[in-house]
Every structure is written in C-alpha cells, then in structure tokens.
Amino acid sequence: MTAENQRRAWMSLLAKAPATRLLALWEAYGAEPTFHWLRAPEIGATMVRGRLGGTGAPFNLGEMTLTRCALQLDGGAVGHGYVQGRDKEKARVAALVDALMQTEAASAVRKAVLDPLAAEQDDAKKTRAAKAAATKVDFFTMVRGED
C-alpha cells in the first residue's frame, strides 16, 4: 500500500470513529505534542455527491455539516482533521493523530489509537453482516413440467 493510500485509510478511520471512543483512546495514549494552528477548527458544510448503482452519473445528494482544522507539530509534521458534524475536539484529535502518524511516533500511535479503532470497526461490520444474513430469504423455483 502506498503512503498516500495508508494516509487515506487512517484519515477515513479517524473520520468514521465515534467521538467518545477516539477521545478515550487519545487520552489513554497520553502524549499531547505541542503544535500551532494552521487553521483552527471551523464548522462548515460540504456537498455530498452520489452515483446511482455506484457507476451512474454523479448527482448532488445534499449538504452535510463538517468540522475541519489543520495544525503543525513543533517538529514540522502537518496534520489535518475532517470530521462529520460539529465536533471541534474530535477534529483536533484527528489532526494530531494524522500529524503524529507522519513522525517516528507512528507505530506507537497506530498501536494505541488506530489499531483498536480498526478492530472495532471490523467487529461492527461483521455484526451488521450477521444481522443482515439472518434475514436473508432464499427463493427457488421448482420445475413446473410445462416444457
């Protein structure tokens, strides 16, 4: 996986994580680096686009609230946080994790924050899939003998 795809994966993981869980894992990590804001957390809206069947022509589905921020660690690494909703603290923590993942602290941050989030998201997907599979109905057609 390329570095760009790895970053895309952890940014997606941070954006989808429940805020309370992300903040709890961050507090358990316990190493708050010093940084300065490039863009303080701000709330805005973004257009959500969709495609019919995943392959059709794109269309504007509607707007959603988004909180974003950017910061720079004292070591020079830049982190960005983009999260759905109006949670400035979650965006700040997401940006800090993003920045730290670009430093020598990456393995410790991955172990303390990202790996537990990934495991929880995988468990949630499996639970949803199991619930959906439990409601699956198999239809079959019997030969009616009209041939």
Cross-link table LYS88/LYS126; LYS16/LYS88; LYS111/LYS131; LYS90/LYS126; LYS90/LYS131, entries beyond 21 Å C-alpha to C-alpha: LYS88/LYS126; LYS111/LYS131; LYS90/LYS126; LYS90/LYS131
Got a sec? Charge dipole of the range 13-130, +1 on Cβ for Lys and Arg, -1 for Asp and Glu; which of THR127, ASN60, ALA40 is way out at the positive end? ASN60
According to a simple spin-label model (label point 7 Å from Cα along Cα-to-Cβ), what is the distance in nm between VAL78 and ARG128? 3.3 nm
For the pair THR65 and THR103, the simple spin-label estimate (label points 7 Å beyond Cα toward Cβ) gives in nm 3.1 nm
Using each residue's phi in the range 108-121, evaluate 6.51 cos²θ - 1.76 cosθ + 1.60 at θ = phi - 60° and report the 3J(HN,Hα) Karplus result to the nearest Hz, with x for Gly and Pro. 5, 5, 4, 5, 7, 10, 6, 4, x, 5, 5, 5, 5, 5
Derived scalar couplings ³J(HN,Hα) [the range 48-55; Karplus, 6.51 cos²θ - 1.76 cosθ + 1.60; whole Hz; x for Gly, Pro]: 9, 10, x, 9, 6, x, x, 10
Applying the gyration tensor rule to the Cα atoms of the range 13-130 (axes a ≥ b ≥ c; rounded if a/c under 1.5, else prolate if a/b exceeds b/c, else oblate), the class is oblate
Compare the peptides 16-28, 98-110, 35-47 by average per-residue count of other Cβ atoms within 10 angstrom and give them in order, highest first. 98-110, 16-28, 35-47
Taking amide hydrogens as modeled 1.01 Å from N in the peptide plane, which residues meet the under 5 Å criterion relative to LEU38, leaving out close sequence neighbours? ALA70, LEU71, GLN72
Phi to ³J(HN,Hα) by Karplus 6.51 cos²θ - 1.76 cosθ + 1.60 over the range 14-28, Hz, x for Gly, Pro: 5, 5, 8, 5, x, 4, 5, 5, 4, 5, 5, 5, 5, 5, 5
Can you give me the C-alpha center-to-center distance between the range 73-105 and the range 1-63, rounded to a whole angstrom? 10 Å
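Taken together, the values in this text are just the output of simple stated rules run on the coordinates, not laboratory data. Worth saying up front: this structure is predicted, and the values here are computed from it rather than measured. In this analysis, Cβ positions are derived from the backbone assuming ideal geometry, glycine residues included, and neighbour counts consider all displayed protein chains.
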